[in-house]
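Chemist: Sending over a structure as structure tokens; questions will come in a sec.
We did not get these values from a lab; they are worked out from the coordinates using the rules stated. None of the values given here were measured: they were computed from a predicted structure. Please note: Cβ atoms are built from the backbone with ideal geometry, for glycine as well, and neighbour counts cover all protein chains shown.
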Amino acid sequence: MKTSVLKLNFSKALSSLYPSEEIQSFFSILSEKYLGLTRLELALQVDKDISEVNVNNFETAILRLKKYEPIQYILGETEFYGLLFFVNEHTLIPRPETEELVDWVLKETKTQDTRPRSLLDIGTGSGCIAVSLAKNLPNCKVSAVDISEGALKVAVQNAFANRVKVYFEKLDILVSKRLSESYDIIISNPPYVRELEKKLMHANVLTHEPNSALFVSDENPLVFYRKIVRLAKKYLNNGGLLYFEINEYLSEGLVAMLKEEGLKGIEIKKDVFGKDRMIKCVKNE
Ligand SMILES: C[S@@+](CC[C@H](N)C(=O)[O-])C[C@H]1O[C@@H](n2cnc3c(N)ncnc32)[C@H](O)[C@@H]1O
């Protein structure tokens with residue numbers, strides 16, 4: 001089969017399900033992965049023969065796209081903070097707003113007199129936060145926990161592929177009464193989407209991404225934050241920092257809870273869309 005025919009078949013198969021720009025974008029992403037061709041090379045090589053293996057790869061991708069599976073799961077990888085991460089159905093697909101959180105931490109550590117010596121990422125998923133921080137803070141001991149064995153397996157692979165050391169541990173943060181050690185920084189992007197927000201979400205997120213990574217009950221949406229704050233008060237070193245990614249609709253309640261718990265220096269940061277998305281506070285005894 002020639003490239004031009006492959007492209008035509010691909011577009012036809014998906015035309016009733018996705019806008020044409022999105023189909024073009026899927027096609028060039030998949031061509032780069034399977035054929036090693038950039039968008040320009042693809043346009044110049046319309047008569048190139050495609051191997052049977054690659055025709056099958058595209059056919060499988062079409063079937064998965066028809067089920068609205070995210071392209072990152074089909075590729076098995078995505079980029080985060082300039083690094084490549086494996087992803088699968090056990091891991092949330094890392095989001096751009098989480099890159100902003102990582103960036104905030106890194107910018108702040110550069111302006112501080114003392115560099116963090118130890119850091120814990122709670123609910124690590126693919127390991128995107130822990131691995132990208134470890135990559136950029138070479139003298140910091142980075143640890144990470146998650147309840148999901150499937151996610152931890154992927155996170156271990158991601159640390160290895162990106163050549164960093166991260167100490168992973170399986171832990172249910174909601175039941176755990178302790179952490180393994182004390183830290184200079186604790187960071188978390190915990191589940192924070194209320195059930196009532198499901199109707200605002202795309203079908204591909206709801207069907208394919210792990211529900212346990214995303215959702216909390218409408219009655220107790222700050223359950224993870226409250227538990228992590230209580231542990232942080234015990235396991236953050238004095239002057240240590242706590243960073244969270246947050247639900248834009250819950251920032252007020254979260255600030256009130258942090259004040260109640262005696263944390264200091266509370267600072268909210270908006271994401272590129274102007275939404276309350278990150279929060280930082282300090283443990284000062
Ligand atoms: C919103 S995802 C964040 C994943 C990743 N850190 C990221 O930013 O892309 C939340 C993560 O918390 C984990 N998680 C859910 N419940 C947990 C629990 N009780 N204890 C520890 N981790 C939990 C999920 O498995 C998921 O990986």
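Chemist: Using the Cα centre as the reference, give the magnitude of the dipole from point charges on the C-beta atoms of region 166-236 (Lys, Arg: +1; Asp, Glu: -1; all else neutral), rounded to the nearest 20 debye.
Modeler: So the dipole magnitude of region 166-236 works out to roughly 300 debye.
Chemist: A follow-up question, please. Tell me which of Ala130, Leu171, Ser182 sits at the most positive position along the dipole axis of the chain, charges placed on C-beta atoms (Lys, Arg +1; Asp, Glu -1).
Modeler: Value: Ser182.
Chemist: Quote the FRET efficiency, to the nearest 0.05, computed for Lys270 versus Thr60 with a Förster distance R0 of 41 Å and r equal to the Cβ-Cβ distance.
Modeler: Once rounded, the FRET efficiency stands at 0.55.
Chemist: What is the spin-label model distance, in nm, from Ala203 to Asn237 if the labels are put 7 Å beyond Cα along the C-beta direction?
Modeler: 5.1
Chemist: I've got another one for you. For the chain, with only Lys/Arg (+1) and Asp/Glu (-1) charged at the beta-carbon, what is the dipole magnitude about the Cα centre, in debye rounded to 20?
Modeler: With only Lys, Arg, Asp and Glu charged at Cβ, the dipole is about 580 debye.
Chemist: Still on this model: Suppose every K and R has +1 on its Cβ and every D and E has -1 on its Cβ; what is the size of the dipole of region 3-66 about the Cα centre, in Debye to the nearest 20?
Modeler: That gives a dipole near 180 debye.
Chemist: Give me Cys281, Cys128, Cys140 sorted ascending by neighbouring Cβ count inside 10 Å, so fewest comes first.
Modeler: Taking fewest neighbouring Cβ atoms as first place, the list is Cys140, Cys281, Cys128.
Chemist: So what is the relative contact order for region 1-130, in percent, with contacts set as C-alpha pairs under 8 Å and at least six apart?
Modeler: Dividing the mean separation by the residue count of region 1-130 yields 20 percent.
Chemist: A follow-up question, please. Using the count of nearby Cβ atoms within 10 Å as a rough guide to exposure, how do His90, His202, His208 rank from fewest to most?
Modeler: Neighbour counts put them in this order, fewest first: His202, His208, His90.
Chemist: Right, another one. Starting from 0.36 nm per residue, how many nanometres of slack lie between Asp47 and Gln24 once their C-alpha separation is accounted for?
Modeler: 6.5 nm
Chemist: Projecting each Cα onto the charge dipole of the chain (Lys/Arg +1, Asp/Glu -1 at the beta carbon, about the Cα centre), which of Leu63, Val193, Asn204 comes out farthest on the positive side?
Modeler: Positive-most Cα among the choices belongs to Val193.
Chemist: Projected onto the charge dipole of region 3-66 (+1 at Lys/Arg Cβ, -1 at Asp/Glu Cβ, origin at the Cα centre), which of Ala43, Pro19, Asn9 gives the Cα projection farthest towards the positive end?
Modeler: Among Ala43, Pro19, Asn9, the one farthest towards the positive end of the dipole of region 3-66 is Pro19.
Chemist: Rg to Rh ratio, the chain, alpha-carbon atoms and Kirkwood radius?
Modeler: So for the chain, dividing Rg by the Kirkwood Rh gives 1.03.
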